[in-house]
Structures are given as C-alpha cells and as structure tokens.
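Participant: Provided herewith is a single structure, encoded as structure tokens, for subsequent inquiry.
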Amino acid sequence: MSKSHHTLPVTASKIEANVCAAQNVCLSSVWQDLRSEAERVAAEEPTMEHLVDDVILSRDSLAAALGARLARRLAREDMPRQSMEPLLTGVFEAHPGTVASAAKDLLAMYERDPACFSPLEPLLFFKGFLALSTYRVSHQLWQDGRRWLALYLQSLASEAFAVDIHPAARIGCGILLDHATSFVVGETAVVEDNVSILHEVTLGGTGKDMGDRHPIVRSGVLIGAGAKILGRVEIGTGAKVGAGSVVLSDVPAHKTVAGVPAVIVGESKEENPAIEMNQKLDCRDGWGI
C-alpha cells in the first residue's frame, strides 16, 4: 500500500463551532406529535397502516422509530433488517444526543419547507432527513472507533439516498437538506447548526493534500442548489450562496455571493437566511432581482 501515511483515517479538526450547541428540543412532545399524526394517517389511508404501525405506532420512542425507518431503507443481503435495526436503534438509544439532533432536523424541515405539512413526512419520506439521520449514526460509530462500519453505512446512504456524507464530517443540528440528491460532504467539513442546503451541493476539497481541506459553514447560512464550495474556505454566519455558484474563497458573514467563481454581489437582507429560505440574490447596484 503506497499511502502508508493514511493507514488510519484523519479525524476532522476540533475548530470552534456551534455544532448541536443547544439542543433545546422536547423529545416527548415531538414523539407524541408523530404518534398522533401516524394514528390519523392509519385511519385515513389504510394502505399506509402497515408502514406507520411498523415505524411509529408499534414503537415506544423516537430512537426506536428512527432505527426502524432507516433499517427498512438500508437493509441489504449483506446486512438484513434483523441485523441492521438493532444496530441503528442501539446507537440512537445509547447516544440520546443523536436523537435530539435528528429531532431538530425534522422540525427544521417541517418549519422551513412549505411543501411539508406534517413532522411525520420527513421521517417517512424525505431522503434528506433520512440521509442526515444515517450520517448521525455513522458519525457516532466513527467517533467510537468503528470506522469500517461507519464507512459501510456511508456507502449504503449514498446508494439509497444519493447523498454522500463522510462520517468524520461535523454537522450540527437543525439542518434542512432539501431534496438532497447529489449532496456531497468531505471528511473534514464542518457545518454549524441551523443551516439550509438544497440539492446538488458539494462541500469538497481541492487537490490531494491531507488534513483540513473541506469547507466550514457557519450557522444561518443558506446554500442554493448546485453550489460547489471547495477547499478550506469559511462561509460566514448568515451568508447566502447563490444557486450554481463555485466558491473558492472565504465569504464574510451576512454577505451574498454568486457566480463562477463566486464573488460578493450584496448583503443578506435576512438576519438568518437559512430560516427565511429567501433565495433571491440581494444584489447591489441594480444587478439581480
């Protein structure tokens, strides 16, 4: 093996970051809302009864529900559901922070996506939420030193959801991953809390250098569809990245960038673009909308 210096995977650096810094979510309330909605769905649409019973109504916690839903999507011949579900549920139950983070993601998708009419929808149908939840298990396994299993889950998520997040990446909670297809996150990337990201976004590296080589995305950032952010650049708090942009240098807080390569085109009108989801470019000097 020629890469002897990379026998063990690199762990993302411990930079100062708001990553699941304040998980003030009431899990019991979220769980009761999910159960109530599942009961309504089962009554109104009998063809969905088996799914909602298996994932929600027959479970006693959000941890168990997450394990069941992901196992249904990720199980394969080399790891059938009877092996996959105890693994996933066990990680969620042993690490309550992963469940709280998933709950924050679920609520972010419900609150920010106008096409989402129930917190139950992301759990059942949104591959962005399911991919993030799979990442949260793989990240915990990576931290626990079970790196081969973490990488296996990463590959399953890529196959099942078309989302490829390295388990060593650090991703906060309250993340909206909208549509999600072709979302890619590199090994040393950092994404803080309360960020909104659309499909076909890449948080990638440049070249073959080792160590910290992927982006840092601060809280409140909105990243438009198809944006590529490459290298160890920092996207400042409350910044906005226009759809289709290629970002190769730092973006100051509360600025809007767009283009190939991306340049500053204005200031974010919203204090927290990730929450408002306004993808207009806020351009200065009469450019843009």
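Residues checked against (1) of a type in the set (S, T, N, Q); (2) crowded, with 20+ Cβ neighbours inside 10 Å; (3) in a loop (DSSP other than H, G, I, E, B); (4) modelled with pLDDT under 95:
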| position | (1), (2), (3), (4) |
| --- | --- |
| GLY238 | no, yes, yes, no |
| ALA243 | no, no, yes, no |
| LYS269 | no, no, yes, yes |
| ILE275 | no, no, no, yes |
| LEU281 | no, yes, yes, yes |
| ILE289 | no, no, yes, yes |
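Participant: Let me ask something additional. What number of residues within segment 114-126 are touching a residue at least 12 places away in the same chain (Cβ under 8 Å) and in contact with a Pro (Cβ under 7 Å, 6 or more places away or on another chain)?
Facilitator: 0
Participant: Consider VAL265 carefully, then state whether it is β-branched (Val, Ile, Thr), in contact with a Phe, Trp or Tyr (Cβ under 9 Å, 6 or more places away or on another chain) and over 23 Å from ARG136 (Cα atoms).
Facilitator: yes
Participant: Against the conditions (1) in contact with a strand residue (DSSP E or B) (Cβ under 6 Å, 6 or more places away or on another chain); (2) of a type in the set (Asp, Glu); (3) in a loop (DSSP other than H, G, I, E, B), where does ASP193 fall short? Just the number, please.
Facilitator: ASP193 satisfies every listed condition except (1).
Participant: Within the set of pairs 6+ apart or on separate chains, which have a first residue in segment 90-113 that is assigned by TED's automatic domain parsing to the domain that holds LYS127 and of a type in the set (Val, Ile, Thr), a second that is in a helix (DSSP H, G or I) and crowded, with 18+ Cβ neighbours inside 10 Å, and C-beta atoms under 6 Å apart?
Facilitator: VAL91/VAL137; VAL91/GLN140; THR98/PHE92; THR98/ARG136; THR98/GLN140; VAL99/LEU62; VAL99/ALA63; VAL99/PHE92
Participant: Being within 24 Å of the chain's Cα centre (by Cα) and at pLDDT below 60 is the filter here, so list the residues in segment 1-48 that pass it.
Facilitator: Selection gives PRO9, VAL10, THR11, ALA12, SER13.
Participant: Would you check if LYS208 is surrounded by 23 or more Cβ atoms within 10 Å (Cβ to Cβ) and either more than 18 Å from the chain's Cα centre (by Cα) or within 21 Å of ASP178 (Cα to Cα) (or both)?
Facilitator: Considered against the rule, which asks whether it is surrounded by 23 or more Cβ atoms within 10 Å (Cβ to Cβ) and either more than 18 Å from the chain's Cα centre (by Cα) or within 21 Å of ASP178 (Cα to Cα) (or both), LYS208 comes out as no.
Participant: Among what's in segment 211-223 and is within 24 Å of SER101 (Cβ to Cβ) and in a loop (DSSP other than H, G, I, E, B), pick the residue that is farthest from the chain's Cα centre (by Cα).
Facilitator: Only one residue tops the list, namely ASP212.
The values are calculated or read from the model by the stated rules, or taken from the named source; none is laboratory data. No experiment lies behind these values; they were computed from the predicted model shown. Note: ideal-geometry Cβ built from the backbone for every residue, glycine included; neighbour counts use all protein chains shown.
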